[in-house]
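Trainee: Can you keep this structure in mind? I'll have questions shortly.
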Amino acid sequence: MSSTIEKALEKLRGGQAEAPVSGGMVQNPIEQQHNESGSAFDFSRSAPSSVVSEKNAASRRLNLDLERLSKSGFLTPESGRSQLAEEMRHIKRPLLINVANASAAAKTNANLIMVTSSRPSEGKSYTSLNLAMSIAKERDKTVLLVDADVAKPGVTRMLSFESEKGLVDYLVDDSLGLSDVMVKTNVPSFRFIPAGRRHIHSTELLGSESMMALTQDLSKRYPDRIVLFDSPPLLATSEAAVLAGLVGQIVMVVEAERTSKQELDEALALIGQHSQYIGLVLNKARGSFGTDYYGYYGSYGD
């Protein structure tokens with residue numbers, strides 16, 4: 001593994017000015033700046049007691065436009081064998097193995113996986129959604145995708161979903177339960193929690209006690225569920241590093257020929273004090289490993 005990572009880092013060191021985009025890749029459409037509104041509030045909620053059963057969530061449903069997603073370059077349950085589908089299998093397999101071996105390895109929250117990057121526009125939201133769709137194809141797993149990039153909710157927009165309630169609302173409103181913000185979809189094994197309303201303190205919520213209580217509940221509630229958090233970039237907010245301490249595995253998306261080694265080193269240093277499994281996905285790369293490809297997944301640490 002380490003030799004392959006060294007090759008990936010060498011690509012970063014020798015990157016050229018113009019970054020190529022691999023076939024089928026769509027640019028992450030989430031980089032528009034948004035003005036937030038809100039007021040100061042207490043970041044704690046009374047909590048785990050307000051997390052209720054999901055049986056009442058039937059009214060919150062999202063019918064995914066699978067044809068549109070497929071045409072936009074995303075995986076869907078109907079996707080056949082393709083380069084992207086195979087690459088996502090390579091990325092998800094070590095993650096699922098770590099979940100299965102979590103007890104033996106004495107790892108906690110292995111089923112909580114954070115997808116992040118050093119900076120914006122590297123393709124983390126695109127990776128998050130494709131990885132979720134790939135995991136949803138597993139016969140014995142379900143997946144919950146949480147849009148935790150609450151300032152710039154890319155996954156929520158990719159799914160063309162408009163909701164008044166989401167992660168931010170759950171974290172600040174004691175009266176809301178998990179069923180009030182979790183959305184079922186027409187893919188039975190795929191569920192979604194949108195980012196929710198904008199708030200002036202939305203990013204700070206990721207480091208709150210409420211977020212810690214939520215992650216602990218999600219980790220223990222269903223043993224067959226994989227929870228993916230689409231996180232803010234590590235160098236963009238300090239809260240992303242705090243969220244990293246709540247999950248058991250981290251997928252770091254690195255944009256080939258554009259992300260500098262210094263940026264990657266700085267981002268990894270922010271999460272280096274934790275003991276999670278960290279994987280690197282080299283995105284938008286071509287040439288050195290043969291044909292164009294979406295990414296390569298390799299381990300960075302234990």
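The values are calculated or read from the model by the stated rules, or taken from the named source; none is laboratory data. Predicted, not measured: the structure shown is a model, and the values here were computed from it. Neighbour counts run over all protein chains shown; Cβ positions are idealised from the backbone, glycine included. Heavy atoms of the whole protein, side chains included, go into the accessibility calculation; ligands, DNA and RNA do not. Shrake-Rupley method; radii C 1.70, N 1.55, O 1.52, S 1.80 Å.
Trainee: Just check region 106-148 against the gyration tensor rule for me: Cα atoms, a ≥ b ≥ c as the square roots of the eigenvalues, rounded for a/c under 1.5, and otherwise prolate or oblate depending on whether a/b exceeds b/c.
Mentor: oblate
Trainee: Past 32 Å, Cα to Cα: identify those pairs from K124/K184; K220/K261; K184/K261; K137/K261; K220/K284; K137/K284, in the order given.
Mentor: Table pairs above 32 Å Cα-Cα are K220/K261; K184/K261; K137/K261; K220/K284.
Trainee: Follow-up question, since we're still on this one. Counting only residues 5 or more places away or on other chains, whose amide H sits under 5 Å from the amide H of V251 once H atoms are built in the peptide plane?
Mentor: Here the answer is M114, V115, T116, G279, since their amide H atoms fall under 5 Å of that of V251.
Trainee: Using a 10 Å cut-off on Cβ atoms, rank the peptides 69-78, 192-201 from the highest mean neighbour count down.
Mentor: 192-201, 69-78
Trainee: Further question on the same structure: Once you order the gyration tensor axes a ≥ b ≥ c over the Cα atoms, which shape class does region 95-229 get: rounded for a/c under 1.5, otherwise prolate or oblate by comparing a/b with b/c?
Mentor: Rounded, since a/c falls under 1.5.
Trainee: Using θ = phi - 60° and the Karplus curve 6.51 cos²θ - 1.76 cosθ + 1.60, what whole-Hz ³J(HN,Hα) does each residue of region 236-242 get, with Gly and Pro shown as x?
Mentor: Result, ordered by residue: 8, 9, 6, 5, 4, 5, 5 Hz.
Trainee: Taking the convex hull of the Cα atoms, report for region 145-297 its projected area averaged over all directions, in nm².
Mentor: Computing the convex hull of the Cα atoms and averaging its projections yields 10.5 nm².
Trainee: Of all the accessible heavy-atom surface of region 211-257, with the other protein chains kept in place and a 1.4 Å probe, what percent is carbon and sulfur?
Mentor: The C+S portion of the solvent-accessible surface of region 211-257 is 56 percent.
Trainee: Follow-up question, since we're still on this one. Could you order the peptides 228-238, 204-214 from most to least packed, using the average number of other C-beta atoms within 10 Å per residue?
Mentor: Descending packing order for the listed peptides: 228-238, 204-214.
Trainee: Here is a follow-up. Express the C-alpha Rg of region 155-217 as a ratio against the empirical globular expectation 2.2 N^0.38 Å, rounded to two decimals.
Mentor: The reported ratio for this selection is 1.12.
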